[in-house]
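Notes for the one structure printed next.
The values are calculated or read from the model by the stated rules, or taken from the named source; none is laboratory data. As the structure is a computational prediction, the values presented were derived from the model and not from experiment. Note that each Cβ is placed from the backbone with ideal geometry, even for glycine, and that neighbours are counted across all protein chains shown. Areas reflect the complete protein model, heavy atoms only, side chains present, ligands, DNA and RNA absent. Shrake-Rupley method; radii C 1.70, N 1.55, O 1.52, S 1.80 Å.
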Amino acid sequence: MRETQQKVAAFAQAYGLGTDPQARMLDLASEVGELAKEVLKSTAYGTRPFTPTASLEEELGDCVFSLLCVSEALGLDGEKALDQALEKYKARFAEAGDIGHRT
């Protein structure tokens, strides 16, 4: 994923898309909302079974792009963050039998 994050960062720089982390977070939230809307539309708002569509893949790509832009704007390594999350979930599963957060 490091290569992918670097590719996204280079793309953003080449097209003048650099901005602050706050704007990146708003963009990510917007893209996740668009993905959610496509999921709802693909099920006719819960009235039929889920069926993947081309629009879903496009919106998912937008989400991944935005998330990697957030990682870059924050100066974080997305792959390292993912590896840490996987280890955390593995430990939770070993301890409690699921990965849910315990409060």
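Accessible surface computed residue by residue for the chain, with neighbouring protein chains in place and a 1.4 Å probe, gives 72 Å² per residue.
Taking chymotrypsin sites (Phe, Trp or Tyr not before Pro) across region 1-94, the ones in a DSSP loop with at most 15 further Cβ atoms lying within 10 angstrom of their Cβ are Tyr15, Tyr45, Phe50.
Per residue, the convex hull around the alpha carbon atoms of the chain comes to 149 Å³.
Using the crude model of +1 on Lys and Arg Cβ and -1 on Asp and Glu Cβ, and no other charge, please compute the dipole size for the chain relative to its Cα centre, in debye to 20.
It works out to roughly 300 debye.
Per-atom-type breakdown for the chain gives carbon and sulfur 60% of the accessible area (1.4 Å probe, protein chains only).
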